[in-house]
Amino acid sequence: MIVCSTCKHANMAGAMFCAECGAQLVGKDSLTTQTINTGNFKKVAQSYSDDEYQPFDGSDAWGSLHLLDTGQVLPLTTRNEFTMGRISEGQPIMPDIDLSPYQAYAAGVSRLHAVIKRDGGRLIFMDLGSANGTYVNGKRLNPNAEQLIHHGDIIALGKMKIQILIKHDK
C-alpha cells in the first residue's frame, strides 16, 4: 500500500496517482523506463463467430456525418433526432453522438453542442448554446434557433468540420 501524502488515502501498491485526490504518488526522479522483450509472445489470431460480431454496413442509415479532419463517417440510423457533443467525467446528460474519440475537446466542441433532426423531408440543425458556436457553410447559427440544412452542407462545431450526407431514396 502507498499512502497519499496529500489526503492520506491508502492506494494499491504500484499506483502512480492517488485514487482519491489524483495527486502524484511517485516522484518524477523515481520513474524509470524499461524495455520489454516481446520475442517470446505468440501471436494469437482472434476470430469472431457470427453471434459475437456483426460488421456494420450502414445500409439502414438515412444519413451520415462525414468528419472532414479524420475521414470518419458516422451513420445516422433508426432515430430521427440526435444530440451531438462530447462526454466528460461526471456529466449527467450524455450526447447521442459522442465526438470525444475524434479530438472534440481540442476542437472546442461543447458537451451538449448541437442537435440534428429529421422532420419528414426536412433536416433541421440547432446549436444548443455551445461555448464556441456552430456554423453552417461558414455562417454562425444563433443559439437555440432551428436551421434547415441540406445534403453536402458543412457544419462546424467549434473548429470540428462535418459534412452532412443524406441518403436519397430512389
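Count, please, the residues in segment 1-20 that happen to be of a type in the set (A, V, I, L, M) and either modelled with pLDDT of 80 or more or not in a loop (DSSP other than H, G, I, E, B) (or both). Even if it seems obvious, please write down each step before you answer.
Within segment 1-20, the first condition is being of a type in the set (A, V, I, L, M), and the residues that meet it are 1-3, 10, 12-13, 15-16, 19.
Filter once more, keeping what is either modelled with pLDDT of 80 or more or not in a loop (DSSP other than H, G, I, E, B) (or both): 2-3, 10.
Result for segment 1-20: 3.
From 86, 118, which residue is under 14 Å from the mean Cα position of the chain (by Cα) and either modelled with pLDDT of 90 or more or in the same structural domain as residue 151 (by TED's automatic domain parsing) (or both)? Break it down stepwise before answering.
Details: 118 fails: under 14 Å from the mean Cα position of the chain (by Cα).
Being under 14 Å from the mean Cα position of the chain (by Cα) and either modelled with pLDDT of 90 or more or in the same structural domain as residue 151 (by TED's automatic domain parsing) (or both) holds for just one of 86, 118, which is 86.
Filter segment 126-144 down to residues that are within 22 Å of the chain's Cα centre (by Cα) and not in a loop (DSSP other than H, G, I, E, B) and give me whichever is nearest to residue 163 (Cα to Cα).
That would be 136.
Do we have any residue at all in segment 94-103 that's more than 20 Å from residue 70 (Cβ to Cβ) and in the same structural domain as residue 73 (by TED's automatic domain parsing)?
Let us first name the residues in segment 94-103 that are more than 20 Å from residue 70 (Cβ to Cβ), namely 94.
Those left that are additionally in the same structural domain as residue 73 (by TED's automatic domain parsing): 94.
Among the residues of segment 94-103, at least one is more than 20 Å from residue 70 (Cβ to Cβ) and in the same structural domain as residue 73 (by TED's automatic domain parsing), which makes the answer yes.
Given 83, 134, which one is in contact with a Pro (Cβ under 7 Å, 6 or more places away or on another chain), crowded, with 18+ Cβ neighbours inside 10 Å and β-branched (Val, Ile, Thr)?
83
Of the conditions (1) at pLDDT below 80; (2) in the same structural domain as residue 154 (by TED's automatic domain parsing), residue 47 fails just one. Which one is it?
(2)
The values are calculated or read from the model by the stated rules, or taken from the named source; none is laboratory data. Bear in mind that the values here come from a model prediction, so they are computed numbers and not experimental data. Because the Cβ atoms are built from the backbone with ideal geometry, glycine has one as well, and the counts that use them run over all protein chains shown.
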